[in-house]
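The values are calculated or read from the model by the stated rules, or taken from the named source; none is laboratory data. Note that the structure is predicted; figures quoted are calculated from it, not measured. Ideal geometry is used to build each Cβ from the backbone, glycine not excepted, and the neighbour counts take in all protein chains shown. Remember, those area values only see protein heavy atoms, side chains included, never the ligands or the DNA or RNA. Shrake-Rupley method; radii C 1.70, N 1.55, O 1.52, S 1.80 Å.
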Amino acid sequence: MSEPLLSTRDVHTYYGKIIALRGVDIDVHAGEIVTMIGANGAGKSTLMMTICGNPHPRQGQIVYDGRDITMMPTHEIMRLGIAQSPEGRRIFRAMTVLENLQMGASLVDPKYFDSDLEKVFHLFPRLKERIKQRGGTMSGGELQMLAIARALMSRPKLLLLDEPSLGLAPLVVKQIFDAIRELNQSEGLTVFLVEQNAFHALKLAHRAYVMVNGKITMSGTGAELLGREDVRAAYLEGGGH
Amino acid sequence: MASTSETAGTGTSGAVPQPERETRLARALRESVIAAGLTAILGFFFLALRTEIETGGLVLSTRWGLWLAAIGIVFVGRLALNLFVFGRLGATTRRKPATTGAGFPVAKVLTWGLLIFAIVLPFFFTIVFPQRDRQYIDLAILIMTYIMLGWGLNIVVGLAGLLDLGYVAFYAVGAYSFGLSAQYLGFGFWTALPLAGLLAASWGMILGFPVLRLRGDYLAIVTLAFGEIIRVVLLNWTDFTGGPNGVSGIPKPTIFGWELGRRDGSFNDLIGVPYDPIQRFIFLYYIIFGLALLTNFVTMRLRRLPIGRAWEALREDEIACRSLGINTRNTKLSAFSIGAMFAGFAGSFFATRQGFISPESFTFLESAIILAIVVLGGLGSQIGVVIAAIAMIGGIEVLRNLDFLKAIFGPDFEPTQYRMLIFGLAMVIIMVWKPRGLVSTREPTATLREKKRISSDVVAQGEGH
Ligand SMILES: Nc1ncnc2c1ncn2[C@@H]1O[C@H](COP(=O)(O)OP(=O)(O)OP(=O)(O)O)[C@@H](O)[C@H]1O
Ligand SMILES: [Mg+2]
């Protein structure tokens, strides 16, 4: 295989004295959907944020598209074509749906705006109905759609999604996962996905990692991990099947 | 009962049953009588009776007028509150009809009305109040200065959400830029104006740098300290700034190099119109009006541009901003320095209007007043700032002229002494009645087809702050 689009090597991240990541190595190749599952507090969101440079790792290296981005400031990293739908969604609550989407497109040539808008509305028709609504009054599922749509408006090469299914009804989860698959298949968008909903995530992903306590303990194709007894026991029992 | 149809005229809230007027009036009356009675009892010893030390010992005098006035005020006030404030909020469980743009566009009409009035204001006063026109136009100049300052601070606090308690520092920088450049370099107002803006903006940048990482309370405290530092430096750098004596003899603005006045070679001489001191006031008024309009225009433009949108986004969520590729450092600095620039303009106007400046004019109280205007107006609202500035600065002036109160409270009653009390009271009342400021609707700056407003009253409950 060619060079990965994103790779982390031996990444250690600390919050003050507390260590959150203890040497994480992952690779995400262009055109892949890669997922990471793990228990609460394993360090999944920390890895996402570390990739985005907030916080920076104390040790190790992150390479994106052939460039070392380990110590770059966040806004510069995001300008290289990475977009994130962060944990907690972080929608601008006083702004309307349209304004939120414009914020997502703030670094993109305005000539793409209308067609990109059509694209995300095609993906999430619900957003189109709510275009004038303020972020603060949207439902949880709508917020999640908006967070993904806002990230897409920046025309990313790599999309980072932190628990897009959190708190959503099964039907909405399916809708969102379908949307991710569609983006990946039709446009070749590379997706790195952090999920608690292991069953759906592993079915969707080409490859997957399992994180325990700030370290990667397992990796393989989605199907492989779905078939493993220990994974089923730890992350799937009572899950969504 | 017929009374229900009369109150349902508000539009969308037709489904909400209105309480009957009669019972509400009766209840309001009963509560007002109780309140007035309490005032009568409590006030009897404090207001009605008074002991004075005279030669023969203590003498008891009475002040029935004061006592009755207090009872009357409490009665009327309580009645008005019951009928117009509590009733509406309580009985309909605070559900006000949402302004969805379909109704009467109050804000728009008000904006245009105020603008037209502001344009004709000097002529209005010279024609309608020829005796007091100077006083009124002077007041209008003062209010306009605060409107401009409010709009400038609105960029920093209202849009970017950076709580700046030291805004007056930039006002001072602007004033001293002109004062000192006039004194040492012989600059005129129009030369010094851009310089003042530039210097204030650079100071905004310089002060902005160290506080970039701070937020909320900490930012407020540090900016407060900066405001004081600048004032104290101006006060103590006697050789350069004149210290407490300030800078005097600051020139008046000219019209393309010609002065207003009686002398040969003045503007009046040039165009052959006899000089009248009121012309100077009118001229100053239009200068500050123009500067204020410029501030507003720039703010409105910027709000539509990426930088203005970034300010608003920054106020809401810094992390989200950064993850959208926005350089939060530059965004903050630009808010600080553009806000400071307008304060600098206003400051140099202040210097030319007064002809004299000293550090005394730039105390923390000024910052507090400007901030209060912004907060009361509704953070981020341009028209709200105007209303709040008129109410606060105009209100203080009105207080000075309430001579009839002396008839009630006795000849040594000085209403302006109660200025801060009333100020505080008004602030408490507004914050209880309208916690998000007078005009809390944020007008979306982006629309696809037609414009439509969504009242923030609808948003407020979901927002949790
Ligand atoms: N800002 C912070 N300061 C200190 N500790 C933190 C901070 N953020 C996260 N942590 C700690 O780092 C560890 C990893 O947190 P992280 O948010 O990455 O977990 P996660 O895998 O995303 O969990 P979840 O599935 O619950 O979202 C946790 O122990 C957490 O308490
Ligand atoms: Mg997490």
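Computed values, structure above
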{"item": "Coarse-grained scattering of segment B:293-345 at q = 0.17, 0.25, 0.27, 0.29 Å⁻¹, given as base-10 log I(q)/I(0) from a Debye sum over alpha-carbon atoms", "result": "-0.52, -0.96, -1.06, -1.14"}
{"item": "Accessible carbon and sulfur surface of chain B relative to its total accessible area, %, 1.4 Å", "result": "67"}
{"item": "Partners for A:Lys128 among aspartates and glutamates (Cα-Cα distance below 17 Å; same-chain residues under 8 apart left out)", "result": "A:Glu99, A:Asp114, A:Asp116, A:Glu118, A:Glu142, B:Glu450"}
{"item": "Accessible area per residue in Å² at 1.4 Å probe, computed on segment B:101-458", "result": "47"}
{"item": "Dipole-positive endmost among A:Ala149, A:Thr8, A:Leu80 within chain A (Cβ charges, Cα centre)", "result": "A:Ala149"}
{"item": "3J(HN,Hα) from dihedral phi, segment B:216-226, Karplus parametrisation 6.51/-1.76/1.60, rounded to Hz, x for glycine, proline", "result": "x, 4, 5, 4, 4, 5, 5, 5, 4, 5, 4"}
{"item": "List B:Leu159, A:Leu80, B:Leu42, ordered by accessible area with a 1.4 Å probe, largest first", "result": "B:Leu42, A:Leu80, B:Leu159"}
{"item": "Along principal axes, Cα extents of the protein assembly as shown, largest first, whole Å", "result": "102, 75, 56"}
{"item": "Relative counts (whole %) of C-alpha pair distances in segment B:352-426, using bins that are 5 Å wide", "result": "3, 14, 18, 19, 18, 14, 10, 3, 1"}
{"item": "Sparse-neighbourhood loop sites, trypsin sites (Lys or Arg not before Pro) in segment A:1-92 - DSSP loop, at most 12 other Cβ within 10 angstrom", "result": "A:Lys17, A:Arg58"}
{"item": "Where B:Ile41, A:Ile19 fall by accessible area, highest first, once all protein chains stay in place (1.4 Å)", "result": "B:Ile41, A:Ile19"}
{"item": "Listed residue (B:Leu305, B:Phe336, B:Gly424) projecting farthest to the positive dipole end of the protein assembly as shown, Cβ model", "result": "B:Gly424"}
{"item": "Relative contact order of segment A:89-155, pairs being alpha-carbon contacts under 8 Å that are 6 or more residues apart, as %", "result": "57"}
{"item": "Pairwise burial A:B, computed as accessible area of each alone minus the pair, summed, 1.4 Å, Å²", "result": "2700"}
{"item": "Relative contact order (%) - segment B:101-458, alpha-carbon pairs under 8 angstrom, separation at least six", "result": "29"}
{"item": "Counting all C-alpha pairs of chain B, share separated by more than 42 Å (%)", "result": "29"}
{"item": "Accessible-area ranking of B:Tyr184, B:Tyr176, largest first, probe 1.4 Å", "result": "B:Tyr184, B:Tyr176"}
{"item": "With all protein chains modelled, accessible area of A:Thr96 [1.4 Å, Å²]", "result": "0"}
{"item": "Top positive-direction residue, dipole computed over the protein assembly as shown with Cβ charges, set B:Leu60, B:Thr238, B:Gly261", "result": "B:Leu60"}
{"item": "Residues in segment B:323-363 that, when all protein chains are in place, have 10 Å² or more less accessible area than the chain alone would give (probe 1.4 Å)", "result": "B:Ser323, B:Leu324, B:Gly325, B:Ile326, B:Asn327"}
{"item": "B:Trp151 accessible area, 1.4 Å probe, all protein chains in place, Å² to nearest 10", "result": "20"}
{"item": "Charge dipole (debye, nearest 20) of segment B:324-421; +1 at Cβ of Lys and Arg, -1 at Cβ of Asp and Glu", "result": "400"}
